[in-house]
Amino acid sequence: GADGGGGEPVARAEPRRKRTLYTRSYGHSDWVTCAAHAADGRVLSGGADGKVCVWSASGPARATTLLGHVGSVSCLALSAPHTGAAQHALSASYDKSIRLWSLDRPAEASSAACLRGHRAPVLKLVWAAELLASADREGAISPHLP
């Protein structure tokens with residue numbers, strides 16, 4: 001064959017086409033960079049557009065957009081579900097901040113708290129019970145106490 005090995009010819013890849021972003025009714029306007037699954041079935045996504053979207057657990061694909069970051073969202077973490085307790089989410093960003101969101105009423109959601117202190121983009125979050133720690137691109141790890 002054309003590949004010199006006697007097998008099937010090798011297909012050549014077509015040149016890449018320019019990527020176009022379209023305006024949508026719901027969701028991100030740029031790449032999705034991270035996602036997390038809530039205990040109640042909702043899915044959260046973070047994007048390069050700085051948005052956190054909370055996607056409905058059933059029915060048509062609909063999302064509530066949480067705004068507050070001015071840089072790409074790098075990771076998400078969810079609180080452990082507890083009976084009768086509010087569900088919360090954390091988002092970390094290239095804007096060097098961590099935001100706390102209440103998921104009980106996402107349609108009215110605003111950032112409940114904003115943690116600052118990193119000198120570089122925050123790339124990782126660990127949230128377990130009363131422990132919250134974050135790490136940034138410079139290698140700094142910050143524990144956050146309640």
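The values are calculated or read from the model by the stated rules, or taken from the named source; none is laboratory data. None of the values given here were measured: they were computed from a predicted structure. Keep in mind that these areas ignore ligands, DNA and RNA; they rest on the heavy atoms of the full protein, side chains included. Shrake-Rupley method; radii C 1.70, N 1.55, O 1.52, S 1.80 Å.
Can you give the accessible area of C114 in Å² (nearest 10), computed on protein heavy atoms with a 1.4 Å probe?
Surface accessible to solvent at C114 totals approximately 50 Å².
Taking the full set of protein chains and a 1.4 angstrom probe, give the accessible area of L90 in square angstrom, rounded to the nearest 10.
L90 has an accessible surface of roughly 10 Å² with all protein chains in place.
What are the radius of gyration and Dmax of segment 49-104, computed over its Cα atoms and given in Å?
12.2, 35
Would you kindly find the accessible area of Y94, with a 1.4 Å probe and non-protein molecules such as ligands, DNA and RNA excluded, rounding to the nearest 10 Å²?
100 Å²
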